[in-house]
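> Questions regarding the structure given below will be posed in turn.
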Amino acid sequence: MAENGNSLSVGQTVDEAVRQYIDAIPSGHRALFDRLHRLILAAYPDVAVVLSYNMPTYQVGRGRLHLGAWKHGISVYGWKQGGDGGFTARHPGLRTSTGTIRLRPEDAAAIPDEEFRDLVRSALGPRP
């Protein structure tokens, strides 16, 4: 992740609480978090990144997508039933529940970036 002070990428600044959360992600999960973060920023350069539900939350209009670091890896939260663009149907081996996908680094390694981009676009909706 390109960093400069509190900036996560060119034109993208986050508050100190988000920065502290990201900095505290265990090294074994940080690469997966950074990958998802970069994909979100690439799809939505003007996304607002805030701390909500005690985890980084990406806001685009009314759309919200949360990334949480846990013991297993990274969880992705925040879409309505059926709003994952078919991601969970294409990856039935992942642990999921309504609006939640649990990603272990080894599982995510086998999923192409385009699949994650589709998930992000489905969850956050059209760019404003």
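The values are calculated or read from the model by the stated rules, or taken from the named source; none is laboratory data. The shown structure was predicted, so the numbers you read here are calculated from the model rather than taken from an experiment. As a convention, Cβ positions derive from the backbone with ideal geometry for all residues, glycine included, and neighbour counts pool all protein chains shown.
> Out of curiosity, is A89 farther than 24 Å from P126 by Cα and outside any strand (DSSP E or B)?
Working: farther than 24 Å from P126 by Cα: no; outside any strand (DSSP E or B): yes.
When the stated conditions are applied, A89 does not pass them.
> Look at R121 and say whether it is within 15 Å of L36 (Cβ to Cβ), surrounded by 14 or more Cβ atoms within 10 Å (Cβ to Cβ), among the basic types (K, R) and in contact with a Lys or Arg (Cβ under 7 Å, 6 or more places away or on another chain).
Details: within 15 Å of L36 (Cβ to Cβ): yes; surrounded by 14 or more Cβ atoms within 10 Å (Cβ to Cβ): yes; among the basic types (K, R): yes; in contact with a Lys or Arg (Cβ under 7 Å, 6 or more places away or on another chain): no.
So R121 does not fit the description; no.
> Hey, could you check segment 97-108 for residues that are outside any helix (DSSP H, G or I) and more than 15 Å from the chain's Cα centre (by Cα) and say which is nearest to R64 (Cα to Cα)?
Top of the filtered list is T98.
> Residues in segment 11-40 that are aliphatic (A, V, I, L, M) and either closer than 14 Å to T57 by Cβ or touching a Ser or Thr at 6+ places or on another chain (Cβ under 6 Å) (or both): how many?
Total satisfying the criteria: 6.
> Can you give me the number of residues within segment 49-85 that are of a type in the set (G, A, S), at negative phi and touching a helix residue (DSSP H, G or I) at 6+ places or on another chain (Cβ under 8 Å)?
Number satisfying all stated conditions: 3.
> Starting from segment 59-81, take each residue that is more than 18 Å from F33 (Cβ to Cβ) and list its partners that are surrounded by fewer than 21 Cβ atoms within 10 Å (Cβ to Cβ) and hydroxyl-bearing (S, T, Y), counting only C-beta distances under 8 angstrom and pairs at least six apart or across chains.
Close Cβ pairs (under 8 Å, with a partner that is surrounded by fewer than 21 Cβ atoms within 10 Å (Cβ to Cβ) and hydroxyl-bearing (S, T, Y)) amount to W79/S122; Q81/T98.
> In segment 54-69, is there at least one residue being closer than 23 Å to D118 by Cβ, exposed (fewer than 14 other Cβ atoms within 10 Å of the Cβ) and modelled with pLDDT under 95?
Scanning segment 54-69, I find at least one residue that is closer than 23 Å to D118 by Cβ, exposed (fewer than 14 other Cβ atoms within 10 Å of the Cβ) and modelled with pLDDT under 95, so the answer is yes.
> Follow-up. Would you confirm whether any residue within segment 37-48 is part of a loop (DSSP other than H, G, I, E, B), surrounded by 17 or more Cβ atoms within 10 Å (Cβ to Cβ) and either without any contact (Cβ under 8 Å) to a residue 24 or more places away in the chain or on the phi < 0 side of the Ramachandran plot (or both)?
Checked against the condition, which is being part of a loop (DSSP other than H, G, I, E, B), surrounded by 17 or more Cβ atoms within 10 Å (Cβ to Cβ) and either without any contact (Cβ under 8 Å) to a residue 24 or more places away in the chain or on the phi < 0 side of the Ramachandran plot (or both), segment 37-48 yields at least one hit.
> While we're on this one: Could you tell me which numbered condition G85 fails, if it satisfies all but one of (1) surrounded by 14 or more Cβ atoms within 10 Å (Cβ to Cβ); (2) at pLDDT 95 or above; (3) of a type outside the set (S, T, Y)?
Here G85 meets the rest and fails (2).
> Does V60 fit the bill of being over 22 Å from H29 (Cα atoms) and under 15 Å from the mean Cα position of the chain (by Cα)?
Answer is yes for this residue.
> Restricting to segment 2-38, and then to whatever is under 23 Å from D118 (Cα atoms) and of a type in the set (S, T, N, Q), can you tell me which residue is modelled with the highest pLDDT?
Residue satisfying both the conditions and the ranking: Q12.
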